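Quick note: the coordinates plus some simple rules give every number you see, no bench work behind them. Keep in mind it's a predicted model, so treat the numbers as computed, not measured. Here Cβ is always computed from backbone atoms with ideal geometry, including for glycine, and neighbour counts include all displayed protein chains.
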Amino acid sequence: MLFVNLAKLFLFSIFISAVVEVIKGFLVEVGDKKPLSGQSIKVLTFAFALLYAKAFDYGAMSKILAIDYGENRFAGFLDYVGTAALVYNGADWAFNKFSAIKAKLQTVQQNAGKPTDESK
């Protein structure tokens, strides 16, 4: 069950990132044509993640860690904030990991046909 809930959080993060990319493109096209700063994009990501977490009643602590906060609305709100913070940090972390893996694969592919010191 933990794996399923982590996968849901991952998909939630991808969904939020996609929404932010659309909003970012819209703001650049309609606005002054200047790209948004990296920090602005992170703030948008956090804001939309918080909005969606609340709208769909999705909190990582209640879903992944199975914490039951019952009628404690403040704990529920903090769960939404924590989930938005995970998306805020997690999307950037996942992108960096993906980029590093992609760069490593490209290096391996480029070096695949080259002779090594041992083959000389």
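Against the condition part of a helix (DSSP H, G or I), under 20 Å from Trp93 (Cβ atoms) and hydroxyl-bearing (Ser, Thr, Tyr), how does Ser62 come out, does it pass? Explain how you work it out, then say what you get.
On the way: part of a helix (DSSP H, G or I): yes; under 20 Å from Trp93 (Cβ atoms): no; hydroxyl-bearing (Ser, Thr, Tyr): yes.
No: the conditions fail for Ser62.
So which residues in the range 36-54 are small (Gly, Ala, Ser) and under 23 Å from Met1 (Cα atoms), if there are any at all?
Listed by number, the residues that qualify are Ala49, Ala53.
Among the candidates Phe10, Phe15, Phe26, single out the residue that is surrounded by fewer than 18 Cβ atoms within 10 Å (Cβ to Cβ), of a type in the set (Phe, Trp, Tyr), in a helix (DSSP H, G or I) and over 13 Å from the mean Cα position of the chain (by Cα). Can you show your working first?
Numbers: Phe10 fails: over 13 Å from the mean Cα position of the chain (by Cα); Phe15 fails: over 13 Å from the mean Cα position of the chain (by Cα).
Within the list Phe10, Phe15, Phe26, the selection yields Phe26.
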